[in-house]
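Encoded as structure tokens, the structure appears first; notes follow it.
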Amino acid sequence: MSTSRPDNAADTIGPDNSSSGLVTLPSAFGAAETVARLDKLLAEKGIRVFARFDHSGAAEEAGLPLRFTQVLVFGNPRAGTPLMQANQTIGIDLPLRALVWEDEAGRVWVSSAPRRGLEVSAREPPRNAHVYRLFMRPS
């Protein structure tokens, strides 16, 4: 797997990053596989998935169209508790969430809102290269 950003990374960083406060990364995989890869990475890191919201599945049950849209809610008490011990109001931002979604062109994206003290630039890949590589096809 490549550990560097693609040459066109500035063009592939997701929509709305500068104005919405979201960090959005493209996935080189289908939506279901992206969720599976995210699940696997979280499990390997000892991070618990607390909840999964399948918005597109719920929409389908209600007879409404919605492209693939799932939210994973995850965290690790060993990481989050010290943050809240230092600043208890950070609890409003925990646990963390990731949105896996498909746009109208069929491209798959992973969006997350950086939390206070954990921000990353919307124009740079995450500092943890394994997270960025998770969504890129091997070169």
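Which residues, taken from the stretch 92-135, are modelled with pLDDT of 95 or more, within 14 Å of PHE29 (Cα to Cα) and in contact with a Lys or Arg (Cβ under 9 Å, 6 or more places away or on another chain)?
Result: TRP101, GLU102, ASP103, GLY106.
When only residues in the stretch 29-68 that are in a helix (DSSP H, G or I) and among the basic types (Lys, Arg) count, which is surrounded by the most Cβ atoms within 10 Å (Cβ to Cβ)? It would help to see each step written out before you state the result.
Quick first cut of the stretch 29-68, residues in a helix (DSSP H, G or I) only: 31-44, 55-61.
Remaining after also requiring among the basic types (Lys, Arg): 37, 40.
Details: ARG37: 17, LYS40: 11.
Filtering the stretch 29-68 for residues that are in a helix (DSSP H, G or I) and among the basic types (Lys, Arg), the one surrounded by the most Cβ atoms within 10 Å (Cβ to Cβ) comes out as ARG37.
Quick check on GLY21: is it under 17 Å from the mean Cα position of the chain (by Cα) and modelled with pLDDT of 95 or more? So that I can check it myself, show each step before the final result.
Working: under 17 Å from the mean Cα position of the chain (by Cα): yes; modelled with pLDDT of 95 or more: no.
So GLY21 does not fit the description; no.
Report, ordered by the first and then the second residue, all pairs with beta carbons closer than 7 Å, sequence separation of six or more or different chains, a first member in the stretch 62-80 that is farther than 16 Å from ALA113 by Cβ, and a second member that is in a loop (DSSP other than H, G, I, E, B).
Between residues of the stretch 62-80 that are farther than 16 Å from ALA113 by Cβ and residues that are in a loop (DSSP other than H, G, I, E, B), the close pairs are ASN76/GLY46; ASN76/ILE47.
Taking only pairs six or more apart or across chains, which ones have beta-carbon atoms under 9 Å, a first residue in the stretch 27-55 that is over 13 Å from VAL110 (Cβ atoms), and a second residue that is among the polar types (S, T, N, Q) and at pLDDT below 95?
So the pair list comes out as LYS45/ASN76; GLY46/ASN76; ILE47/ASN76; ARG48/ASN76.
Specify the residue that is surrounded by the fewest Cβ atoms within 10 Å (Cβ to Cβ); the eligible residues are those in the stretch 69-115 that are of a type in the set (S, T, N, Q) and under 22 Å from VAL35 (Cβ atoms).
Once the filter is applied, the top-ranked residue is ASN76.
The values are calculated or read from the model by the stated rules, or taken from the named source; none is laboratory data. Since the structure is predicted, the reported quantities are computational estimates derived from the model, not experimental observations. Cβ coordinates were reconstructed from backbone atoms using ideal geometry, including for glycine residues, and neighbour counts include every protein chain displayed.
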